[in-house]
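A.B. asks: One structure coming up, written as structure tokens, with questions to follow.
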Amino acid sequence: MKTKVAMLSENAVDKRIINDAALKIRDGGIVAFPTETVYGLGADALNEKAVAKIFEAKGRPQDNPLIIHVADFNIDEYVTEVPDMAKDIMQKFWPGPITIILNKKEIVPSITSAGLDTIGIRMPQNNIARELIKASGVPIAAPSANISGRPSPTDMESCVEDLDGKVDYIIGGENSIVGVESTIVDCTVNPICVLRPGAVTLEMLQTVDSNAYIDPAILSKPKEDFRPKAPGMKYRHYAPKAPVKIVSGEIDKVVAKISEMVLNYNEQDKKVGVIATDETKDLYKNQIVVSLGSRENLNDIGKNLFKVLRSFDSMDVNIILCEAFEEVGVGTAIMNRLKKSAGFDILEV
Ligand code: AMP
Ligand code: MG
């Protein structure tokens, strides 16, 4: 398949390109586009055949549901009921990086929700994304625009790397400003429950529902028979080619431990990549070190995370060692993605 690629700017969205891509969506095609969280791969959420193409292009397991993206606050057409708590979340955080789970209506085909009776809905903040949804005139089902299992793309180049030749259109834009996928909150239950941490943090959600909590199942290593409420959480994800190991503890001890591990691996002729921070990057000698940004700015760390994970693929490293972050605020989302990319291989020092 020949993929059309076009670069847009969020501040001056070229309507001709948007209309061209929207036509593809209406015709049952698939289009990658930027959002503030990560790039998405979209299709008409109400068209079974179109949605099937997303699963095929990504190699995504059929039991992993898609989030539908809307550009209008009126979502009554797709869900049976919008509880007050969900309305509050929409009012406070939409458009933005949060997906709400509600009970779906028949109109949303089963393939989109992977057989579930519920559906995740989000209104993205990114202008290009919202213009595309509006021009398409349909809700757009869109998972992250990567081959399944790989780190999610936060820039156009990563989308092209994974999807060129597999999709109808790739619309580029600025790099994603959030960098980790949306928070997912189940609003079919009371209290509301976070199924995936993201930039809208638990602390922020507790201003809507003081009893909001994070599904404990997603915070630790999944058991064999693990059936999380967000099906995607059971898959290995965000993984670069080399295995990742996280080292957690007081930062001085972490730096010392990683340095010692590097020496050991080097003795075994293994090439190591270190994921560090601005505060620590100069403390590691004689190896590949990439900084995620300053520990003072966790938003920046989130923004850079997937690109840094991807960057090791072209550096031919045998192993990646990564410093841990405190699990508060956005740190919870960052550690959730890191732990998954490491297959929960964490060393406490
Ligand atoms: P992605 O867009 O690739 O980040 O994937 C979307 C994720 O949202 C999936 O992996 C699911 O875990 C989660 N999700 C989507 N719809 C639902 C739903 N109805 N209930 C629970 N989780 C969902
Ligand atoms: Mg994904």
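A short reminder: the numbers here are calculations on the coordinates, not readings from a lab. All figures in this text were calculated on a predicted structure; none of them were measured in a lab. Neighbour counts run over all protein chains shown; Cβ positions are idealised from the backbone, glycine included.
A.B. asks: Only helical DSSP H runs with n ≥ 4 go in: add -39500 (n - 2.57) per run for the chain, normalise by residue count and round the 222 nm mean residue ellipticity to 500 deg cm²/dmol.
C.D. replies: Using -39500 (n - 2.57) per qualifying helix, the result is -8500 deg cm²/dmol.
A.B. asks: Sticking with this one: Run the simple label-point estimate for Val349 and Asp27 please: 7 Å along Cα→C-beta, distance reported in nm.
C.D. replies: Label at Val349, label at Asp27, 5.6 nm between them.
A.B. asks: Something else now. For the residues Thr277, Thr332, Thr183, Thr207, what sequence is obtained by ranking on other C-beta atoms within 10 Å, fewest first?
C.D. replies: Going from sparsest to densest Cβ surroundings: Thr207, Thr277, Thr332, Thr183.
A.B. asks: Given the C-alpha atoms of the chain, compute the convex hull and give its volume per residue in Å³.
C.D. replies: 133
A.B. asks: Listed highest first by mean packing, meaning other Cβ atoms within 10 Å per residue, what order do 143-156, 304-317, 115-128 come in?
C.D. replies: So the order, starting with the most tightly packed, is 143-156, 115-128, 304-317.
A.B. asks: I'd like the Karplus ³J(HN,Hα) series for segment 12-26: coefficients 6.51, -1.76, 1.60, θ = phi - 60°, whole numbers in Hz, and an x wherever there's a Gly or Pro.
C.D. replies: 9, 5, 6, 5, 5, 5, 4, 5, 4, 5, 5, 4, 4, 4, 5
A.B. asks: If you don't mind, another one. Mean-square fluctuation check for the chain, GNM, Cα pairs under 10 Å: which of Lys15, Lys285, Lys49 is largest?
C.D. replies: Of Lys15, Lys285, Lys49, the most mobile in the Gaussian network model is Lys285.
A.B. asks: Measure up Lys104/Lys340; Lys223/Lys340; Lys241/Lys270; Lys281/Lys340; Lys4/Lys303 against 21 Å on the Cα-Cα distance and list the ones that go over.
C.D. replies: From Lys104/Lys340; Lys223/Lys340; Lys241/Lys270; Lys281/Lys340; Lys4/Lys303, over 21 Å: Lys104/Lys340; Lys281/Lys340; Lys4/Lys303.
A.B. asks: Could I ask something else about it? For segment 108-148, what mean projected area does the convex hull of the alpha carbons give, in nm²?
C.D. replies: 3.7
A.B. asks: Here is a follow-up. Out of the DSSP beta bridges found with both residues in the chain, what percent are antiparallel (nearest 5)?
C.D. replies: Looking only at bridges with both residues in the chain, the antiparallel portion is about 35 percent.
A.B. asks: Among 108-114, 34-40, how do they line up from the highest to the lowest mean number of other beta-carbon atoms within 10 Å?
C.D. replies: 34-40, 108-114
A.B. asks: Relative to the present Cα-Cα distance, how much length would full extension add between Ala6 and Lys223 at 0.36 nm per residue of separation?
C.D. replies: Answer, rounded to one decimal: 73.8 nm.
A.B. asks: What are the ³J(HN,Hα) values, in whole Hz, obtained from phi via the Karplus relation 6.51 cos²θ - 1.76 cosθ + 1.60 with θ = phi - 60°, for each residue of segment 184-192 in sequence order, with x given for Gly and Pro?
C.D. replies: 10, 10, 7, 9, 8, 10, 10, x, 5
A.B. asks: Return the aspartates and glutamates within reach of Lys221: Cα separation strictly under 15 angstrom, same-chain partners fewer than 8 residues apart disregarded; answer none if there are no such residues.
C.D. replies: Correct list for Lys221: Asp345, Glu348.
A.B. asks: Next up: Of the listed peptides 80-86, 265-271, 171-177, 24-30, what is their order by residue-averaged count of other C-beta atoms within 10 Å, with the highest listed first?
C.D. replies: Ranked by mean Cβ neighbours within 10 Å, highest first: 171-177, 24-30, 80-86, 265-271.
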